[in-house]
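A.B. asks: My structure is below; once you've seen it, I'll send some questions.
The values are calculated or read from the model by the stated rules, or taken from the named source; none is laboratory data. Quick caveat, the model's predicted, so the values are computed rather than measured. Don't worry about glycine lacking a Cβ; one is built from the backbone with ideal geometry, like all the others, and counts go over all protein chains shown. When the accessible area is computed, the model is the full protein with side chains, heavy atoms only, and any ligands, DNA or RNA have been set aside. Shrake-Rupley method; radii C 1.70, N 1.55, O 1.52, S 1.80 Å.
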Amino acid sequence: MNAAVQQDFKARAKSALGDRTLKTAIDRTTGTAETKRAAAVGAFPEFEAARDRGKAIKDHVVANLDHYLETFERNATASGAKVHWAADDAEARAIVVRLCREAGAKLVTRSKSMLGEEIGLPDALAEAGIERVETDLAEHIIQLAGEHPSHIIWPAMHRTREQVAVLFREGHNPPPNAEDPASMVMSARRILREKFLGADVGISGANFLVADTGATCTVTNEGNAELTTTPPRVHIVTAGIEKLVPTTGHAFALLRLLVRSATGGELTQYTTFHRGPKRPGDADGPEEMHIVLVDNGRSRMIRDEFREMLRCIRCGACMNHCVVYRQIGGHAYGGTYPGPMGAVLTPVLDGLKQSRDLPFACTMNGRCAEVCPVRIPLPTLLRAWRGRSWRENLEPKAMRAGLGLWAWLARRPGLYRFASGAGVRALRLFGKSGWIGSLPLAGGWTAYRDLPTPAKKTFMEQYRARQEGRK
């Protein structure tokens, strides 16, 4: 279990809301991401049809996962790679650490991988006494800061350029020549270059696993994945079993969705397919390639109401458009995955009892589902967690009592109409300039958000008036 999840979500959210620097950092990135995605989608008339195809591909794979896992293992093995199976995060960590020790690794480079974060790989390598170097620029930043990613595409989204300059001055030897972005990037390149060439093992994730060739696919904009996977003698891939696609053509169909949704581009700078270790005559490449396929709750999701979450291609669009994420950032969620997707996945990975606040943090405005490239009904899945929380008696007693009172009123239409009418008129007394900033007995809501002042009449009163006007 992620230790951070055990802390109080409300306390973390309150702290994040009071951090103006965090808000500045989030707005700079999510605002740009939203604008660029809109432009990319607008320039791609077939986007809706592509979404339908992406959904169909992922649904087909999940429905036939056993077949494609066997096919992938057979073809990956035929290409010279070694496939390992991990039922959970502990087994996955143990496999990777064992492979590093067998390789005599003292230095490991790692390309950005949320699956690696999910299984706790950074901490496992540290505990094994193996030096780990993050090669993605944003991951390099948060490694210097001693933090975990706050976004699945931009891990250092919560850091401003000014804060990064301080980290580089303190963590780079020699420090950057200046504090402009170009100088800081050059400084990171100088630091990382010798690490690339001196690493014993390179570890990467995989955006897709291609069943009919046994290849793994990585997508980056910096080239760090290629430098992580090519010079070291051993290449280890960690990937969730849901990353499978039937063919390379299906991978490219999903890439058209992934890149536009993630960064607003048409194609990333580097899209690389790895198929086994170096062969005789190859100029470069690893001598060994290992692929660790991780379940960690995914098989369980196939059998329950969260099956559709396995379509996720990890683009980050849901959090870029989430009104909650854009106020509190990723760390407030307390798990590996933040935002709407994290609110669905964290209870799977860490247990609903420890993370029940996450599904309730959503406003249910539906923007996440509107932008999801593979049409995952995220609000529906969040409501499913809310329902399960109720059935498992995880709700606070005050909430259960309040809902019980509401249900009692709802079964008595006349009394319900009277109470709702009186409530609407009472609420209007607290409204100022169209908003209610403070409300007795509702401090849990108004402490973090304002309520719009209600209309003068309830919906039913307006409906009756309209019907009578039509007679």
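A.B. asks: State, as an integer percentage, the relative contact order of segment 95-195 based on alpha-carbon contacts under 8 Å between residues 6 or more apart.
C.D. replies: The normalised contact order for segment 95-195 reaches 20 percent.
A.B. asks: Just reorder Ser15, Ser433, Ser150 by solvent-accessible area, largest first, 1.4 Å probe, all chains present.
C.D. replies: Ser433, Ser15, Ser150
A.B. asks: Classify segment 171-212 as rounded, prolate or oblate, taking a ≥ b ≥ c as the square roots of the eigenvalues of its Cα gyration tensor: rounded when a/c is under 1.5, otherwise prolate if a/b is larger than b/c and oblate if not.
C.D. replies: Oblate, because a/c is 1.5 or more while a/b does not exceed b/c.
A.B. asks: Going by alpha carbons, how many degrees (0 to 90, nearest 10) lie between the helix axis of 339-350 and the longest principal axis of the chain?
C.D. replies: 70 degrees
A.B. asks: Among all the lysines, which ones have a C-alpha under 16 Å from Lys55's C-alpha, if same-chain residues fewer than 8 places away are not counted?
C.D. replies: Lys243
A.B. asks: Tell me, what is the percent relative contact order of segment 228-371, built from C-alpha pairs under 8 Å that lie six or more residues apart?
C.D. replies: 24 percent
A.B. asks: Based solely on C-alpha atoms, express the radius of gyration and the Dmax of segment 250-345 in angstrom.
C.D. replies: 17.5, 54
A.B. asks: Sort by residue number and name the cysteines in the chain that have no neighbouring cysteine Cβ under 4.7 Å.
C.D. replies: Cys100, Cys217, Cys312, Cys315, Cys322, Cys362, Cys372
A.B. asks: Tell me what the chain gives for mean residue ellipticity at 222 nm when only DSSP H runs of n ≥ 4 count, each as -39,500 (n - 2.57), the sum divided by the residue total, rounded to 500 deg cm²/dmol.
C.D. replies: Value at 222 nm, helices only, nearest 500: -15500 deg cm²/dmol.
A.B. asks: Quote to one decimal, in nm, the extra length available between Leu394 and Glu468 on full extension: 0.36 nm per residue of separation minus the C-alpha distance between them.
C.D. replies: 22.1 nm is the gain from fully extending Leu394 to Glu468.
A.B. asks: Stokes-Einstein D for segment 36-138 at 10 °C, 1.306 mPa s, Kirkwood Rh over Cα pairs, in µm²/s?
C.D. replies: Translational diffusion coefficient: 93 µm²/s.
A.B. asks: Please name which of Ala145, Gly423, Gly437 has its Cα lying farthest along the dipole of the chain towards the positive end, using unit charges on Cβ (Lys, Arg +1; Asp, Glu -1) and the Cα centre as origin.
C.D. replies: Gly423
A.B. asks: For Trp445, tell me the accessible area in Å² from a 1.4 Å probe, rounded to the nearest 10.
C.D. replies: Accessible area, nearest 10 Å²: 120 Å².
A.B. asks: Give me the number: length gained by fully extending Ser433 to Glu370, i.e. 0.36 nm times residue separation minus the C-alpha to C-alpha distance, one decimal in nm.
C.D. replies: Separation in residues times 0.36 nm, less the Cα-Cα distance, equals 19.6 nm.
A.B. asks: Using a simple charge model, +1 on the beta-carbon of Lys and Arg, -1 on the beta-carbon of Asp and Glu, nothing else, what dipole does the chain show about its Cα centre, in debye to the nearest 20?
C.D. replies: Using Cβ point charges on Lys, Arg, Asp and Glu, the chain gives about 2760 debye.
A.B. asks: Could you name the lysines in cross-link range of Lys23, using Cα to Cα under 21 Å and dropping any fewer than eight places away on the same chain?
C.D. replies: Lys10, Lys14, Lys36
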